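Reviewing the structure listed below.
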Amino acid sequence: MLSPDRAPDLVLNRYCGECEFRIRCRQKAVEKDDLSLLAGMREKERKKFNNKGIFTVTQLSYTFRPRRRPKRLGTSGKNTTMH
């Protein structure tokens, strides 16, 4: 099934709390900064990011963009007149 020279991909899941290797796997995931550290991310979503070349939490953080402010709120509450 798996070639002996290649270890399976490291993926943390909801059963990790019951596993005897949980400490070792978590340490490796933290070292690799693996996306599986994000508990809310499902396998399908993680594969989508991997296909885009995003493999770490740090890489994913660089894709974040804050929401744009709605135009109707604009500059309410601030003095916009120039002196």
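Annotations for the structure displayed:
- Pairs meeting the criteria (first residue in the stretch 33-58 and polar (S, T, N, Q), second residue open to solvent by less than 100 Å² (accessible area, probe 1.4 Å) and modelled with pLDDT of 90 or more, beta carbons under 6 Å, at least 6 apart or on different chains) are Thr56/Asp33; Thr58/Asp33.
- Selected residue (criterion: modelled with the highest pLDDT) from residues of the stretch 12-28 that are part of a loop (DSSP other than H, G, I, E, B) and open to solvent by 60 Å² or more (accessible area, probe 1.4 Å): Glu20
- Selection from the stretch 29-54 of residues that are among the charged types (D, E, K, R) and open to solvent by 100 Å² or more (accessible area, probe 1.4 Å): Glu31, Lys32, Arg42, Glu43, Lys44, Lys47, Lys48, Lys52
The values are calculated or read from the model by the stated rules, or taken from the named source; none is laboratory data. Every value quoted in this text rests on a predicted model; they were computed, and no experiment measured them. Here the Cβ is made from the backbone with ideal geometry for all residues, glycine too, and neighbour counts use every protein chain on show. The accessibility values were calculated without ligands, DNA or RNA, using every heavy atom of the protein model including side chains. Shrake-Rupley method; radii C 1.70, N 1.55, O 1.52, S 1.80 Å.
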